[in-house]
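Read the structure below first, then the notes.
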Amino acid sequence: MPQQTAMEGDDVAPEELQGKGWFSVLKRRQESRAKSHAAHQSGTQRCATATPHATLRRVAAASRVPAMPRNRVIVRPGGGLNVQACSPHRILAALTMAAQLAPSVTEEDIICPNSMQNNFVVSTPSATNAAAYSRVTEITLTDQRHPVTAYLSPAGITSRGVICGVDTDFDDAALNRMLIQPRNPSLLGARRIKNTETVVLIFNGLKVPNYVYCGQVLYRCTLYKRQIDTCRTCGQVGHRQHVCSTASTKVCDPCGHLPTDNPHVCNQPVCALCGEAHRTGDRECRHRYQLPYLVRRRRQRRRRRKQAQQQTPTPATSPIPAKTTEPQGLPLGPRNPTPTDQPTWANSAASGTFATAT
């Protein structure tokens, strides 16, 4: 006969002690541990994949640079140069040497590497330095030459639009002569996308017109949607193929996986943007374009207006209808107001008068 010991507390009936609710949590925990251990032993356990919106937010946040003056020059290195592995001081010294600028005239210049896009941003208040940086085509680091591509970034608050169906016989100079005219007062510049019939337009302010004049022809203008940078060399998201730092490692084009066996057997591709069965950034991907800032700004203002209307208390009923007022405190100004209205060299470059001024 087992020994019985009296304990203080409430009496529990044997039926209650054998009830199903006593050990349900412990039983489920043990079953979960057993399934996880079995999946780990069989090799079928898979990590949870990030949602498309989380991936887009991560790439967008990592691609931003700190607050810098808006007079910027973007420099994209090539030849497998890894910006993250290089010293910014050496990059600036190599860039100033290639631009043939003395150290005394570059004291106010600022350089910031962007490891996600594998490029670096140079900010300078001098128009002469900006013109010299934009003409650089090659830099030398550790006795090795690397090709670079530099271009001027438009300053101030600008927006971009797209027109399609423009003849490829017109070069960028002819397009700017035909597009920059009094009938397009807010247009600052235009450039063609490679050898296609699509032309990207830069407008002053946060408004893109519905139609623009190209010479005597009227074209429909739509918002420019920036494509998320994807690399066909390493398969990563955030930079393009011509600035990839791992040019020696090439993933398989059909499946997007790194070949580990010979001969290589293609696996099912998985898009890093949407998680569907196609290559990352493929034409059929629904998440390969970023939502334009103007659309996000419009939705945010609409959402805030709706929240302000919901928080406004309902007035007491009266026979005379009350006069409705718009909600106060809405951000109607620009996203990043410029500290001064004085024109800079970047504004001259955007309006097309930079070349004659220098």
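Here are the numbers for the structure shown:
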item: Scan of region 102-126 for residues that are surrounded by fewer than 18 Cβ atoms within 10 Å (Cβ to Cβ), in contact (Cβ under 8 Å) with a residue 12 or more places away in the chain and not in a strand (DSSP E or B), ordered by number; result: VAL105, GLU108, SER115, PRO125, SER126
item: Of all residues making up region 151-187, the number that are at pLDDT 90 or above, over 19 Å from PRO292 (Cα atoms) and touching a Ser or Thr at 6+ places or on another chain (Cβ under 6 Å); result: 0
item: Count of residues meeting criterion [touching a helix residue (DSSP H, G or I) at 6+ places or on another chain (Cβ under 8 Å) and either of a type in the set (A, V, I, L, M) or over 19 Å from THR140 (Cα atoms) (or both)] in region 82-101; result: 4
item: Only listed residue being of a type in the set (A, V, I, L, M, F, W, C), modelled with pLDDT of 85 or more, under 16 Å from HIS146 (Cα atoms) and surrounded by 20 or more Cβ atoms within 10 Å (Cβ to Cβ), chosen from ILE91, ILE74; result: ILE91
item: Residues of region 148-168 satisfying the condition of being of a type outside the set (S, T, N, Q) and surrounded by fewer than 17 Cβ atoms within 10 Å (Cβ to Cβ); result: TYR151, ILE157, CYS164, GLY165, ASP167
item: Condition met for THR137 (in contact with a strand residue (DSSP E or B) (Cβ under 7 Å, 6 or more places away or on another chain), within 27 Å of ALA93 (Cβ to Cβ) and in the same structural domain as ALA99 (by TED's automatic domain parsing)); result: yes
item: Residue selected from region 171-184 under the condition within 30 Å of the chain's Cα centre (by Cα) and not charged (D, E, K, R), by the criterion surrounded by the most Cβ atoms within 10 Å (Cβ to Cβ); result: LEU179
item: Residue that is farthest from CYS221 (Cα to Cα) [pool: residues in region 154-184 that are hydroxyl-bearing (Ser, Thr, Tyr) and part of a strand (DSSP E or B)]; result: THR158
item: Within region 185-229, tally of residues that are part of a loop (DSSP other than H, G, I, E, B), among the hydroxyl-bearing types (Ser, Thr, Tyr) and surrounded by 12 or more Cβ atoms within 10 Å (Cβ to Cβ); result: 3
item: Output for region 282-298, where each listed residue is in contact with a Cys (Cβ under 8 Å, 6 or more places away or on another chain) and more than 30 Å from LYS207 (Cβ to Cβ); result: ASP282
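The values are calculated or read from the model by the stated rules, or taken from the named source; none is laboratory data. Keep in mind that what you see is a predicted model, and the values were worked out from it rather than measured. Cβ sites come from the backbone with ideal geometry, for glycine too, and all protein chains shown count toward neighbours.
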